Every structure is written in structure tokens, then in C-alpha cells.
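The values are calculated or read from the model by the stated rules, or taken from the named source; none is laboratory data. This one's a predicted model, so the numbers in the text were calculated from it and none came from an experiment. Note: ideal-geometry Cβ built from the backbone for every residue, glycine included; neighbour counts use all protein chains shown. Just so you know, the surface numbers come from the protein's heavy atoms only, side chains and all, with ligands and any DNA or RNA stripped out. Shrake-Rupley method; radii C 1.70, N 1.55, O 1.52, S 1.80 Å.
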Amino acid sequence: MNISIFGLGYVGCVGAACCARLGHHVIGNDISENRVNLINQGKPTIIETDIEELVRSAHDQGLLEATMDHRYAVHNSELSIIAVGTPISREGHLDLSYIYGVARQIGEALADKDEFHIIAIRSTVLPGTSVKVGEIIEEVSGKVRGEDFTVVSNPEFLREGTAVHDYMNPPFTLIGTDSEYAERKFRELYKDIPGEFIAADIEVAEIMKYVNNTYHGLKIAFTNEVGNICKALGIDSHKVMEIFCKDRQLNLSPYYFKPGFAYGGSCLPKDSKALRTLAHDLYVDVPVINAINPSNERQKKNAVDIIESKGQRRIGILGLSFKSGTDDLRCSPIIDVAEILLGKGYEIRIYDKNVRISQTAGINADFITAKLPHLYEIISDDLDTVCEESDVLVVTNKEKEFAEIPARYPHKCIVDLVRQFTELDYDGNYEGISWENININPAQQKKIVRTMIKAEF
Ligand SMILES: NC(=O)c1ccc[n+]([C@@H]2O[C@H](COP(=O)([O-])OP(=O)(O)OC[C@H]3O[C@@H](n4cnc5c(N)ncnc54)[C@H](O)[C@@H]3O)[C@@H](O)[C@H]2O)c1
């Protein structure tokens, strides 16, 4: 393929050399004459393992050249990759001026190009940037996105120091696109790169790099805080984290990585609280570990806010224990939600097939008496009664029997705290606690309205 790459810094230089290594013809473009000259002399613009040899051999084979002329770059390629810098301001706002500058240049060049062109944003940008880039190109070129050109997101995951190796061995290749043609072209471009090829919505691809890097920061900060607690106790933190990493079922695994409701149960709240208190007593400051509980409490409040926003007073809670398959009510987060709603005067009905109130004894009975003394009056073991007598159905666990609810109870409000439904065509109103609206029913509003409608009663 013939490719142009805008920006010949770390990402652009590595991308240019690696694309040429994959057999493609690459034209690099930069506003820096020095960087353009370096590439044209067969030299890299950066210091990086293995890059010198790659750039020299690509240049010698006639597969890599550079220019300051953006028209030449666009006219002689079918795909332009944007790899310019995206610095942030002191307040944390992203400066996209370089991206928009390149968009204007590409737009100018496309004005007198007849062939379809693909623009890929490789720089790290916030969701929505590809829309804006498309608008700029349309405005400058007079061409139409989707007909004459398309804009896709193709985020870069390399680390400096191992950039060439990372480029050639990514964890996966991600393309955010609404164009089948662009997806096909990218499959062709990266056909010799190992790892899964993932095509997703553009905004999913755009946010990915921020999610990855913030999580990496979280891992480091958490690990350092564990290290600081261990040090204060005279424990070898490296041994602790080495063992931690051996748990591939819960620790290093997809487990718990599904946005949803607050955690609860008899262990997580208790043990994380104990570690916080231990750190406090040792005079070790652990801001990340301390922030976990407030975040969990916030998620309960988010559930209350969503339920209240429906403007209905009869609320049916489907599932009371902290997860499916258990009757353990201790620290079940939905109990806190139910308490708040009861306190505000909402009419609550609860269904949980595992909590047989008449048979509740021991720990659970003590817990109910202390936390929810009215439970005996509002809990039912008949799902249909609860659904019929409620306007808002709050699904709090993934019991199979809840899957039928949209079909059996049209026209209600469903508040889904666990992503019980993956795709929905529902006549009523649906809202998930932490994901976009997945209800494809044309009669329902796609956008989730954030303004609060207070129930009047
Ligand atoms: N460096 C990394 O490890 C890394 C990894 C993944 C993603 N990223 C992201 O990739 C993007 C680029 O990062 P970088 O480290 O390569 O930046 P960089 O500063 O090293 O390089 C940017 C290049 O773009 C050039 N440029 C600016 N405006 C231009 C224009 N109008 N036309 C052509 N060239 C222009 C600059 O002269 C410079 O050579 C950023 O969004 C960054 O966040 C960086």
C-alpha cells in the first residue's frame, strides 16, 4: 500500500519504518525540515532500539521518503496516518491544534484528488476528535465524509525504548471505523502483524489509550502503596506482589473488569477497610487505596440518581443479595439503595428467589432486623407480582429468570445494574448504570437524558 504519515516523531518515525518493513511504500511528512532531511538521508529522527537499521534499509530499498509538501504526500498515498503531538495544558485539557492543522492540510490536498482517501488518527485523542477532523476536511476540501474519504481511529500502544518491538508485536490491533472499506484496508496493512485484529466503534477506539494508560498508572500507584505498607511492617513487598501476580483467576484476569454496580458481600468491604485502617495506624499515606470505598459509595448514589430520574414512585428491586446464587445479604449494596429510597418515600417491592424471608435465620436474620426491618413487608417470592406492582424494575443480578423481563413487561422502566441485557429492543425505557443506551427500539430515546425529573408524591 502507499501510505503517508504526518508527524515524524516517536510514533511517526517508528510507524514509517515498520510500515516500510512490512513492504508498504511510505511518505513521511513533517513541518520540521531537519526531520524530513534525516529520513531522506536514511536516518531516524529519534533514538530507539533497532530503528537505525530499519530506517536505513527502508530508505535504501526505496520504500521510505519524506517531504514537507503535504499535497505530494496525500496525492501519492491512499491512506494518511496522523501521528502529530497532542500535548495537554497545565489544567489537563488536550491541545488538538496540531491534529486540526494536519486535517486542514489533508483537506487542501484532497480538494484536487479524485480517489477515495483514508485518514487514520494514530495520535492519542479524546472521543469525538475524528468527527471534528472529518468536519474540517469536509469544510476545506468540499468533499463528503463517507463518499470521498473516511476518518478512522487506529491508536498506538508502543512504549519508548521498545517501540519497534511493540509495533511489530502489539497486544492487539484496534481500528475504530464506520467504513467496511477502511477496515478491509487496515486488515491488509497489518496482515503480517501478530495479535487479534479488532474493529470497533470509532469512539471506543479513541478512548482506549486513555483507559489503558490510566489503568497502568493505577497499577503502579496501587503497587507502590502496597509496597509502602509492607515496608512499614517489615514485609518483602516484591514477594507479596510476585505471589499476587500468580493469581490469574481473579487478580490478573478479566474478572471484575465489567462496569456495573458497587461491590459488596462479606469480604471486599471488610478487608479493604482493614487494610486502610492498618495503613492509617502505620502512618502510611495511601490515597489510591483510600479512594476505593468513596468510589464504591458513589456508584450506589449513581444507582439512586438513575432510579429517581425516572420520575416514578413504585420501584421493584429484582435481586437483593450481593450477587446471584447466594442468599448472603451482608453488605449487599442494593440494600443501601433500598434504604435511601424508602427514606425518601418511594414504594419499594423486592424479589429475590434465594432469600426466603420466612426461612431466614442466623446472620441474615440479624442483618435484616438491623438494616431493613421493613423487609418482611416488602419482599415477595413472586417475580410477577413485584413486576406488575412496580413502574421501575431495578435488575441487580444476573439470574436467568430476569432475561425474560423485557418481553413480559413492556412499557416499564428498566434500570440495569449488571448488564443483564446485551442488546435490547424494548418498548419501555431502559438505562444501564455504566454504559451507553443499548436499547435499539426506534420509539425510545437513544440519548440518555441526564436531567433529574423529581417524582411528585
Ligand atoms: N511517544 C510515545 O511513546 C507514544 C506512544 C503512543 C502514542 N503516542 C501519541 O502519539 C502522538 C505523537 O507522539 P510523539 O511522541 O510521536 O510526538 P513527537 O512530538 O515526538 O512528534 C510529533 C511530530 O509531529 C510534527 N508535526 C507537528 N505538526 C505537524 C504538521 N502540521 N504536519 C506534520 N508534522 C507535524 C512535529 O514536528 C513532530 O516531529 C501523541 O498523541 C502521543 O500522545 C505517543
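Data overview
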| item | result |
| --- | --- |
| Built amide H within the under 5 Å cut-off of ALA200, gap 5+ | ILE175, GLY176, THR177 |
| Listed residue pairs exceeding 25 Å between alpha carbons, taken from LYS371/LYS400; LYS143/LYS185; LYS219/LYS270; LYS231/LYS323 | LYS371/LYS400; LYS231/LYS323 |
| For the stretch 319-358 versus the stretch 218-278, the gap between their alpha-carbon centres in whole angstrom | 28 |
| Charge dipole magnitude, Cβ of K and R +1, D and E -1 - the stretch 10-152, Cα centre, debye nearest 20 | 260 |
| The stretch 89-177, relative contact order in percent, only Cα pairs under 8 angstrom and at least six apart counted | 29 |
| Loop sites in the stretch 221-289: trypsin sites (Lys or Arg not before Pro), DSSP, at most 16 other Cβ within 10 Å | ARG248 |
| Rounded FRET efficiency, nearest 0.05, which uses the C-beta distance separating GLU196 from THR369 and R0 of 51 Å | 0.50 |
| Relative contact order (%) - the stretch 258-457, alpha-carbon pairs under 8 angstrom, separation at least six | 24 |
| Probe 1.4 Å - accessible area at ARG330, Å² to nearest ten | 80 |
| Semi-axis lengths, Å, the stretch 150-289, gyration tensor of Cα atoms, sqrt of 5 times eigenvalues | 39, 18, 13 |
| DSSP beta bridges in the chain [antiparallel fraction, %, rounded to 5] | 5 |
| Surface accessible to a 1.4 Å probe, per residue, for the residues of the stretch 140-286, Å² | 60 |
| The stretch 13-158, accessible surface, carbon-and-sulfur percent (1.4 angstrom probe) | 47 |
| Per-residue [θ]222 nm for the chain (sum of -39500 (n - 2.57) over DSSP H runs n ≥ 4, rounded to 500) | -13000 deg cm²/dmol |
| For the chain: relative contact order, % (alpha-carbon pairs under 8 angstrom, 6 or more apart) | 9 |
| Heavy-atom SASA rank of TYR256, TYR283 (probe 1.4 Å, accessible area, largest first) | TYR283, TYR256 |
| Kirkwood estimate for the chain, i.e. one over the average of 1/r between Cα atoms, Å | 25.8 |
| HN-Hα J in Hz across the stretch 245-253 - Karplus 6.51, -1.76, 1.60, θ = phi - 60°, x for Gly and Pro | 6, 6, 7, 8, 8, 10, 6, 9, 6 |
| Cα-centred dipole magnitude for the chain, charges only on beta-carbon of K, R (+1) and D, E (-1), debye, nearest 20 | 1080 |
| P(r) tail fraction, the stretch 258-457 - alpha-carbon pairs more than 24 Å apart, % | 42 |
| Placed amide H near ASN437: partners under 5 Å, 5+ positions off or other chain | ILE448 |
| Lys/Arg +1, Asp/Glu -1 at C-beta; the stretch 2-200 dipole; positive extreme among GLY9, TYR72, GLY92 | GLY92 |
| Placed amide H near VAL394: partners under 5 Å, 5+ positions off or other chain | GLY316, ILE317, LEU318, VAL415 |
| Sum of side-chain charges, PRO294 neighbourhood, beta-carbon under 15 Å (Lys, Arg +1; Asp, Glu -1) | +3 |
| Estimated vicinal HN-Hα couplings, Hz - the stretch 396-409 in sequence order (Karplus 6.51, -1.76, 1.60; Gly, Pro = x) | 10, 8, 9, 4, 4, 5, 6, 5, 7, 4, x, 6, 7, 10 |
| From phi via Karplus (6.51, -1.76, 1.60), per-residue ³J(HN,Hα) for the stretch 376-393 in Hz, x at Gly/Pro | 4, 7, 9, 8, 9, 9, 10, 4, 4, 4, 4, 5, 5, 8, 10, 9, 10, 10 |
| Accessible area per residue, Å², the stretch 1-73 with all protein chains present, probe 1.4 Å | 43 |
| For ASP192, solvent-accessible area (1.4 Å; no DNA, RNA or ligand), Å² | 100 |
| Area of PHE244 that stays accessible when all protein chains are in place (1.4 Å probe, Å², to 10) | 70 |
| Average accessible surface area per residue within the stretch 313-357, 1.4 Å rolling probe, Å² | 36 |
